[in-house]
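Chemist: Handing you this structure, nothing more for now.
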Amino acid sequence: MKLTEYTSFDGTGLAELISLGEVTAQEVRDAAINAITKVNDEINAVIEVWDDECGLSSGVLQGVPMLLKDLGIAVKNRRNELGSRLAAGYVSSQDSNLTRKMREAGLVLLGRTTTPELAASTTTEPRFNGGTRNPWNTDYSAGGSSGGSAAAVASGMVPAAHATDGGGSIRVPASANGLFGLKPSRGRISMGPDVDEVWSGLAVHGFVSRTVRDTAALLNAVQGNEVGDPFIVAASHPNLNDCGSQNPGSLKIGVMTHPLNGQRSQPEVVEALNKTIGQLIALGHQVEDATPQIGSWDNFVELNTRFWAANTAAWIDGLASATSNPVNNEMLEPASLALWKLGHSLTATELVGAMHMRNTVTQAMGQFYQAYDILLTPTLPALPGLLGDYNRHQHDADGRGWMHHVFNQSPFTALANVCGTPAMSVPLGFHYSLNLPIGMQFCAGFNQENLLLALAGQLENACPWQTRKPAVCAGR
């Protein structure tokens, strides 16, 4: 299978070819390995390829190649290093529930993608693995924390890849790399069996892809709760595969142009947002300005800080115990060490306070979604930054200072994580002089993935983005 042919199909298309016998799963796998070999040196998205994973001979996505983020998901007897020297050489003892479900769907697990250390960043530039470059413009960041997965998909290595999202880590790199990225509702995909919730419920599993139907197919295949999961989440639709082709109807959409931290979105981003608004009106939707009333921005960052720091501290302690490595600045980057120190300084009552603040925000957003079907924002207030810029002041920040830095870089995305609600980044804008994509974020109420997929499918038909190829692409 030639790379030009391989990269012209999305995952659903490849599965159809295999099921019809027009190509074998082995030929598709070989093409994926060829694609990784061809372009990975230019962008540094894949850190390990598995040569002995062939996949099952059945499943709705039989033979479709899949890369896994090196964080949040475990594959038995495979390394899981979380972008950190502290976890170097750590091997998982069992599969995650999601790993099993992906295999049952027929996906072929090919290897690991890069992530910033412990996912505590929205750029993928770990000291352990090196920076991941944006395939559209390699001087720029691929975003994070699922930056390796997003860069791999954008460059044609695989049609879709696993990602996680604790504050925007699916949507931020989807925006930076011109992809579709949907963060599911809390509990939609099982996090077990090693954990019930990651980052106290802020983080979820998901995927980045080039097409809406691929994300719908993947979510449909792996969603559902497992024995021991903390709660049961009903399916948002009997078959998510159908949602991308359904008419969402006339939606009432509230628009927030500028972030709640008092900053202003870049003019290029505002221009892309205004074009999106025009397209939505043309499609028959009602659009008006609306700003969620969630209280103080500083309080919002603080509640996230407490969850991030406490969980990071426990995570680091567990890794240090498992690897017998010391917790110091040789093993950890300054930001991770700062979060570890902050996490150990927090009290139990401060965590309870964070839970109370989260409830306040969640209740406010629940009221917002009584008035509006969708909240529209830019995914990011600015274009992706140059490699090296994001981490330049890492040595100067304490834990709280680092969190304010992270949230100022991506101030729109974390609201959905706090509330546990679904949100998606759709590649509707583009900056032509720098050759960089611009994503638009659409957020909905809990368990409304079907609504988001329907809207995404409508936008994909009206403003197709799949034919646009990055500078680094395996199919060129």
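Chemist: Give me the pairs: first residue in region 66-94 and under 15 Å from Gly144 (Cα atoms) and touching a residue at least 40 places away in the same chain (Cβ under 8 Å), second residue buried (at least 20 other Cβ atoms within 10 Å of the Cβ) and of a type in the set (Gly, Ala, Ser), beta-carbon distance under 6 Å, and six or more apart or on different chains, which are they?
Modeler: The qualifying pairs are Lys69/Ser146; Lys69/Ser149; Lys69/Ala163; Leu71/Ala119.
Chemist: Shifting gears a bit: Within region 393-403, which residues are of a type outside the set (Asp, Glu), modelled with pLDDT under 95 and in a helix (DSSP H, G or I)?
Modeler: Gln394, His395
Chemist: A further question follows. Of all residues in region 16-45, how many are in contact with a helix residue (DSSP H, G or I) (Cβ under 8 Å, 6 or more places away or on another chain), over 16 Å from Pro470 (Cβ atoms) and not polar (S, T, N, Q)?
Modeler: 7
Chemist: Another question, then. Go through (1) modelled with pLDDT under 95; (2) outside any helix (DSSP H, G or I); (3) within 26 Å of His404 (Cβ to Cβ) for Gly168 and report which single condition fails.
Modeler: (1)
Chemist: Please go through region 404-421 and give me each residue that is of a type in the set (S, T, N, Q) and assigned to a helix (DSSP H, G or I), ordered by number. Please lay out each step first, then the result.
Modeler: Taking region 404-421 and keeping what is of a type in the set (S, T, N, Q), we get 408-410, 413, 417, 421.
The answer is Asn408, Gln409, Asn417.
Chemist: Please specify each residue of region 1-27 satisfying the condition of being closer than 19 Å to Cys54 by Cα, touching a residue at least 40 places away in the same chain (Cβ under 8 Å) and over 25 Å from the mean Cα position of the chain (by Cα).
Modeler: Once the filter is applied, which keeps residues that are closer than 19 Å to Cys54 by Cα, touching a residue at least 40 places away in the same chain (Cβ under 8 Å) and over 25 Å from the mean Cα position of the chain (by Cα), region 1-27 yields Ile18, Ser19, Ala25.
Chemist: Yes or no: Ser250 assigned to a loop (DSSP other than H, G, I, E, B), modelled with pLDDT of 95 or more and buried (at least 17 other Cβ atoms within 10 Å of the Cβ)?
Modeler: no
Chemist: Further question on the same structure: Can you find a residue in region 100-114 that is touching a helix residue (DSSP H, G or I) at 6+ places or on another chain (Cβ under 6 Å), part of a loop (DSSP other than H, G, I, E, B), among the β-branched types (Val, Ile, Thr) and farther than 23 Å from Ala397 by Cα?
Modeler: Yes; the residues of region 100-114 include at least one that is touching a helix residue (DSSP H, G or I) at 6+ places or on another chain (Cβ under 6 Å), part of a loop (DSSP other than H, G, I, E, B), among the β-branched types (Val, Ile, Thr) and farther than 23 Å from Ala397 by Cα.
Chemist: Something else: What's the total number of residues in region 331-347 that are in a loop (DSSP other than H, G, I, E, B) and free of Cβ contacts under 8 Å to residues at least 12 places away in the same chain?
Modeler: 1
Chemist: Check region 371-386 and report whether any residue there is of a type in the set (S, T, N, Q) and out of contact with any strand residue (DSSP E or B) (no Cβ under 8 Å at 6 or more places or on another chain).
Modeler: Restricting attention to region 371-386, the residues satisfying the condition of being of a type in the set (S, T, N, Q) are 377, 379.
Adding the requirement that they be out of contact with any strand residue (DSSP E or B) (no Cβ under 8 Å at 6 or more places or on another chain) leaves none.
Taking every residue of region 371-386 in turn, none turns out to be of a type in the set (S, T, N, Q) and out of contact with any strand residue (DSSP E or B) (no Cβ under 8 Å at 6 or more places or on another chain).
Chemist: Go through region 204-247 and count every residue that is charged (D, E, K, R), part of a loop (DSSP other than H, G, I, E, B) and surrounded by 21 or more Cβ atoms within 10 Å (Cβ to Cβ).
Modeler: 1
Chemist: When residues of region 140-158 are filtered for being under 13 Å from Thr114 (Cα atoms) and not in a helix (DSSP H, G or I), how many remain?
Modeler: 6
Chemist: Of everything in region 261-299 that's assigned to a helix (DSSP H, G or I), closer than 15 Å to Cys443 by Cβ and hydrophobic (A, V, I, L, M, F, W, C), which residue is farthest from the chain's Cα centre (by Cα)?
Modeler: Looking at residues that are assigned to a helix (DSSP H, G or I), closer than 15 Å to Cys443 by Cβ and hydrophobic (A, V, I, L, M, F, W, C), I get Leu280.
Chemist: Another one. Let me spell it out: the conditions are (1) among the hydrophobic types (A, V, I, L, M, F, W, C); (2) in contact with a Leu (Cβ under 8 Å, 6 or more places away or on another chain); (3) under 27 Å from Ser321 (Cα atoms), and Ala88 meets all of them except one. Which number is the exception?
Modeler: (2)
The values are calculated or read from the model by the stated rules, or taken from the named source; none is laboratory data. On a predicted model such as this, the values are computed, not experimentally measured, just so you know. Backbone-built Cβ (ideal geometry, glycine too); neighbour counts: all protein chains shown.
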